[in-house]
Amino acid sequence: MNKKEASRAVATIRMAYPKYYKDMTKEELEGVVNLWAFQFKDMNGTEVLYALQDYISNDVKGFPPVIGQIKDVVYKRHNVNSKSALEAWEDVIKSIRKGGTLKEKYNRLDEVTQRTIGTKEELNEICMASIEYQLPRLKHDFLRRYELNMQKNMEYEKLPSSVKNVIDSIKVKKIDSGKERMIEHEDN
């Protein structure tokens, strides 16, 4: 989205929700346009404007959208065919049943599912689990972690690329006894 498209988006919001913007100064309005342009700079402007129209059309509360709400609409449109946690679990079971080496079983899974499982050794734990006792617990844990991974991915994907670059640059490689480890900066 460029600045001209951001200006159109803000003008649309002002028309749809006039009472929220009636006392806004020219400088404040320019700031809002700049913020929208920055936040949506990596997105297709037309998609953002359609998402805005979608939000306005379905708004029953009467409040103007915040940036995150519009990003949610765009993100959901892009990920309408995303796998559910249960579908990902079914892929894990299918991969195990298909057989082969542990590496082959692991490599048949998509990236999010692999990240949710963790390592090949953790996949082996699922392979070796007792159907009656351990598998239901492992399934429950997998479903919970998959949902968390999807939420985390969604939040990351909605960030502007410049913010992603800063986050990625905070991740540093550290040599510890000859092994590389990823240390992630956390503000918690």
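Compare the Cα positions of V32, H140, S57 along the charge dipole of the chain (+1 at Cβ of Lys, Arg; -1 at Cβ of Asp, Glu; about the Cα centre) and return the one farthest towards the positive end.
Farthest towards the positive pole: S57.
Using just the Cα positions, wrap the stretch 87-156 in a convex hull and report its mean projected area in square nanometres, one decimal place.
Numbers: hull surface 17.5 nm².
Computing the convex hull of the Cα atoms and averaging its projections yields 4.4 nm².
When the Karplus curve 6.51 cos²θ - 1.76 cosθ + 1.60 is applied with θ = phi - 60°, which whole-Hz ³J(HN,Hα) does each residue of the stretch 52-67 get, with x for Gly and Pro?
4, 5, 4, 4, 4, 5, 9, 6, 10, 9, x, 10, x, x, 9, 3
Which trypsin sites (Lys or Arg not before Pro) does the stretch 1-100 hold that lie in a coil by DSSP with at most 16 other beta carbons within 10 Å? Working shown, then result.
On the way: sites: K3, K4, R8, R14, K19, K22, K26, K41, K61, K71, K76, R77, K83, K94, R97, K98; in loops: K22, K41, K61, K83.
Of the trypsin sites (Lys or Arg not before Pro), the ones in loops of the stretch 1-100 whose Cβ has at most 16 other Cβ atoms within 10 Å are K22, K41, K61, K83.
As I understand it, the value is the acute angle between the Cα axis of helix 134-157 and the longest principal axis of the Cα atoms of the chain; what does it come to in degrees, rounded to 10?
Taking Cα atoms only, the helix is inclined about 30 degrees.
Taking every pair of alpha-carbon atoms in the stretch 35-110, give the share separated by more than 16 Å as a whole percent. Display every interim value, and only then the final one.
On the way: 1787 of 2850 pairs.
Above the 16 Å cut-off, the stretch 35-110 has 63 percent of its Cα pairs.
Under 14 Å from a point placed 7 Å out from the Cα of C127 along the Cα-to-Cβ direction: which residues of the stretch 76-113 have their backbone N that close?
92-109
State the percentage of accessible surface on the chain attributable to carbon and sulfur atoms; use a 1.4 Å probe and exclude ligands, DNA and RNA.
52
Fully extended, how many nm does the chain gain between D72 and K4 (0.36 nm per residue separation, minus their Cα-Cα distance)?
Gain on extension, D72 to K4, equals 22.3 nm.
Given the options Q134, Q69, Q39, state which has the largest fluctuation in a GNM of the chain using a 10 Å cut-off (strictly under) for Cα springs.
Largest GNM mean-square fluctuation: Q134.
Suppose R0 equals 41 Å; then what is the FRET efficiency for R115 and T46 from their Cβ-Cβ distance, rounded to the nearest 0.05?
Computed FRET efficiency for R115 and T46 comes out at 0.80.
Roughly how many Å² is the accessible area per residue of the chain, as a whole number, for a 1.4 Å probe?
68
For Y20 and F38 in one chain, what is 0.36 nm times their gap in residues minus the Cα-Cα distance, to one decimal in nm? If you can, show how the numbers build up before the last one.
Details: separation 18, 0.36 × 18 = 6.48 nm, distance 2.15 nm.
Using 0.36 nm per residue and subtracting the Cα-Cα distance, I get 4.3 nm.
Gap in Å between the Cα centre of the stretch 101-149 and the Cα centre of the stretch 1-69?
42
The values are calculated or read from the model by the stated rules, or taken from the named source; none is laboratory data. Remember, predicted model here, so these are calculated numbers, not experimental data. So basically every Cβ, Gly included, is an ideal-geometry build from the backbone, and we count neighbours across all protein chains shown. Only protein heavy atoms, including side chains, enter the accessible area calculation; ligands, DNA and RNA are left aside. Shrake-Rupley method; radii C 1.70, N 1.55, O 1.52, S 1.80 Å.
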